[in-house]
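The values are calculated or read from the model by the stated rules, or taken from the named source; none is laboratory data. All values reported here derive from a predicted model rather than from experimental measurement. Note: ideal-geometry Cβ built from the backbone for every residue, glycine included; neighbour counts use all protein chains shown.
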Amino acid sequence: MNFAAPLRLSGCVLMLATASIMPVYAADSGEDRWQVEFTPYLFASGLHGSTGTQQVTADVNTAFSDIVKNLDKGFMGTLEVRRDRWGFILDGLYFKLKDQGARSWEGPAGIGSATGDLDVTTTMQMYQLSAAYRLGGGVATDLIVAGRYTQLDTDLNLVTTTGGLLPGGTRSLSASQSWWDPVIGVRVILPFAEHWSAMLYGDIGGFGVGSDITYQAIAGVNWQFSEHFSAKLGYRYLYQDYDNNGFVWKMAAYGPYIGVGIRF
């Protein structure tokens, strides 16, 4: 059951980037106390790729504006706890898109977009737990080891049809998949002016454990405008290539993000 609609959900996310780490403030490695920062954020992502199951597949090319129209609920946030050189980061997102029409889809035995209109309700969750070790030197550089969890739940409903039905002779299909990806990465934080810093992040993972491959790149700017608050802005790209028992998720989520860091 593959269709463009579920992919749009991830976009507002995914999205997981899947799934991923948002930038955090540059903590001094010499600080011998616990430092905590919570960052709610929005990843204004579009989606490009393909997804499918039960011999029904769809190609997806969806802008963020299309995702917003069908957004039922969602949340994204990052929590980082750091002391001295060690940090622990939890990044999570939850999204639900309801009654979203698939732009194009194709199935077995001639079933295709010409035979009916599809509505899709999709729920996506992505959580990444990371351990970060800060290297010594003048530039704040963190080595990242993480586990990234992705869960997709999708309901497909054939609203109108001029002929063929979905596999099994039904008007509806459901699909659910979840998996873990091991991830390794690097994050660099570069101060370039008073209260300003640039953040560069990259990771790669999967290695056939969950996804065949997944990778991510983030570039952003952080502005520490007060002791406890910072603004974060940048661009993020996340790709997942997952295939298991006929379920396919080969999707890129990319776009700008914006967030507010709250330091305790």
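Filtering the stretch 196-251 to residues that are among the aromatic types (F, W, Y) and in a strand (DSSP E or B) leaves W196, Y201, Y215, W223, F229, Y235, Y237, Y239, Y242, F247, W249.
Of the residues screened, G208 is one that is out of contact with any strand residue (DSSP E or B) (no Cβ under 7 Å at 6 or more places or on another chain) and at positive phi. Of all residues in the stretch 170-190, none satisfies the criterion of being outside any strand (DSSP E or B) and touching a Ser or Thr at 6+ places or on another chain (Cβ under 7 Å).
Annotation: of all residues in the stretch 115-144 being in contact with a helix residue (DSSP H, G or I) (Cβ under 9 Å, 6 or more places away or on another chain) and at pLDDT below 70, the one that is farthest from S197 (Cα to Cα) is L118. Annotation for the stretch 175-184: at least one member residue is at pLDDT below 90 and surrounded by 15 or more Cβ atoms within 10 Å (Cβ to Cβ).
If you go through the stretch 52-98 and keep only what is in a helix (DSSP H, G or I) and modelled with pLDDT of 70 or more, you end up with F64, S65.
Of all residues in the stretch 40-51, which are within 30 Å of D84 (Cα to Cα) and either surrounded by fewer than 23 Cβ atoms within 10 Å (Cβ to Cβ) or at pLDDT below 80 (or both)?
P40, Y41, L42
List every residue pair whose Cβ atoms sit under 7 Å apart, with the two residues 6 or more apart in sequence or on different chains, where the first one lies in the stretch 40-61 and is more than 20 Å from D153 (Cβ to Cβ) and the second, anywhere, is surrounded by 18 or more Cβ atoms within 10 Å (Cβ to Cβ) and aromatic (F, W, Y). Every condition considered, the pairs that remain are Y41/Y257; L42/Y257; A44/F64; A44/Y257; G46/F64; G46/Y254.
You will find that of G112, G107, G101, G164, the residue that is in contact with a Ser or Thr (Cβ under 7 Å, 6 or more places away or on another chain), at pLDDT below 70 and not basic (K, R) is G164 and no other.
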